[in-house]
Each structure stands twice: as structure tokens, then as C-alpha cells.
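Every number here is computed from the coordinates shown, using simple stated rules; none is lab data. Owing to the predicted nature of the structure, the values given are computational and were not obtained by experimental measurement. All Cβ positions, even for glycine, are placed from backbone atoms using ideal geometry, and neighbour counts span all protein chains on display.
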């Protein structure tokens, strides 16, 4: 008798697409049910992002409107690209704040980025475990201070009348210097205080990378008579180079974030021409002069440029052979 089972199997109707989708949904909801407590823990984070990250996106339309407080965001008349045109062609402040933002960010990269790497290399060479822990704690501690505290310390130390630095300047026979009101010194103070605050925290990543290097490499180098400097250039730096590249690209992504909290707490009208950046300009002009539409356009321009840097950095990360952000 002829076997007809394959024919019957072939003749059986295939499940419909809606039935497949329904099965997948049921499976998905079952997974949600198994992990309901984890999802419940995630809920506050989702709500926070919805309120503070996605909710404010409604206000982006201010950049394309002539905002009137009495009419609100929805009732204000549309202005098109009027504020962007004014920003690029007629605004007397935009070239200055753009230059300050880029310059201060570049100073942070050039002088601030290598500092954690150097500190991590120095701490890695210490042989006394107790001294290493003390040094790491001292350098790591300023990271937990807010910029309000750091700025107060800087103002006190650099005060022209009672500051320790100016006391030394007077002792050397020179006139006291008002550092925080001098355009020649202000950017250097910004970079110096930022390095002092963040260097210990940034070194943690590189210390972790240094700890992952195989000790056999150093032992083989010692057998071959290789000195410390040669080990540094031939073993240590090449081993942590991927981490350095990734951290450098992350820093490039935030090149327009020149340090809003720091500058807001330290600057004054005497140094606006060298310290006013996009974020502080938006905060000061938008709130005090009530130019909401124009400053929204400035902020939107900054965010678009930042997005371009994020995409470019992600492309560079992938080209370097590392895993990208997305």
C-alpha cells in the first residue's frame, strides 16, 4: 500500500501570518510576566526619561516661532528660519560664544584628556599598596565635590586680597592679580580646576585596563633586559591603546559641552568675551532677556552639531575595529 503521509503533510495548510504574530505576542507577554519585578524596577527610569528627556522636545518648535508668553508655545506665530538666519548673519554674540565653546573644549581635550592616562601609569608603577590607595583616594575625592564647592575654593584661593596665591605674589614683590576677572588667566583656571576635579575618576578606567595586561609580557621583557621606559612604550601603551581610543572618541562626541556648571559658577561679566559658551549664553540671555525663541534656536544648533559628532565618532569607533555605540 502506498504511503501517503508526505502528501498529507504537504496538503496541510500553513499557519497564517496573524496566527504567527499572535503566538509571538503571547510568548512575549509570558516573558514579561516572568520578569515583572525587573520591569517594575525599570519603570522609574522610563518615567524619568519621558518627563525630562522626551517631554521637553515639545519646546523645540520655539526655534521656529516668535514666542509670546500669553499665547503659549502652541499659539505663538510661526517664524520659519528667522532666528537661525539672525544667529548666523546678524547676531554679534554668536561668533564669540561659538569660538569660546570650541576653544575651551579643545583645551580640555589637549590638556585634560592625557592627565588621567598619566596618573594611571604613575599609580600603576607604585609598589607600596598603602601609598597607592592613599594617592588614589586623594586624587579621586575632588570628583564628588560639586562645582559650587570647587568654584568657592578657587575664588578663595585666588582672591586678590586674601588668597594664598596672591599672598605669594605680594611676597615676591609684585602687584596682586585678580585672576578670575582677567581674560588672560581665566581659561587656564577653567582647565586646571577641571583637571584637578576629574583626573582621579578618569584614571579608574585606565587602571582597570592596566590590570588586564598579562604579567607574563613584563616578565619576558625583564628576561630580555628591557628597561621600564621600553616596557612602557612597547607593552603598556599598546595594550591600553584601544581603551584610550574609545575614551578619546567619547570626548570628541561632547566637544561642544565645554562645562556649563563650572563656567556658570566661576565666570563674571569681566570675562564674558573669553568664557561665555553656548550653554551659558542660552541660560543667561534666554532667562534674563527673555529671548526664548532665539536661544532655543542656538541650543538646537548645538544639539544638531553634537549629533553629527556622535555619528562621526561612532563611525570612527567601528573603523578602528571596536564595537560601536549602535
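Sorting 302, 24, 82 from the fewest to the most surrounding beta carbons within 10 angstrom yields 24, 82, 302.
Rounded to the nearest 500, the 222 nm mean residue ellipticity of the chain from helices alone is -20500 deg cm²/dmol, with -39,500 (n - 2.57) taken per DSSP H run of at least 4 residues. Relative contact order for the range 94-319: 31 percent, from Cα pairs under 8 Å spaced at least 6 residues apart, divided by residue count. When only Cα pairs below 8 angstrom with a gap of at least 6 residues are kept, the range 198-326 shows a relative contact order of 22 percent. In the range 67-120, one over the average inverse separation of all distinct C-alpha pairs is 14.7 Å, which is the Kirkwood hydrodynamic radius. Centroid-to-centroid, using Cα positions, the range 84-130 and the range 249-267 are 7 Å apart. Measuring from a point 7 Å past the Cα of residue 248 along Cα-to-C-beta, which residues in the range 196-211 have an amide N at less than 14 Å? Label zone hits: none. The structure-derived value of percent of Cα pairs over 39 Å apart appears in the list (i) 24; (ii) 12; (iii) 39 under the label (iii). The calculated FRET efficiency for the pair residue 289 and residue 223, based on their C-beta separation and a Förster distance of 56 Å, comes to about 0.20.
Altogether, the Stokes-Einstein calculation at 10 °C and 1.306 mPa s, with the Kirkwood radius of the range 179-245 over Cα pairs as Rh, returns a diffusion coefficient of 109 µm²/s.
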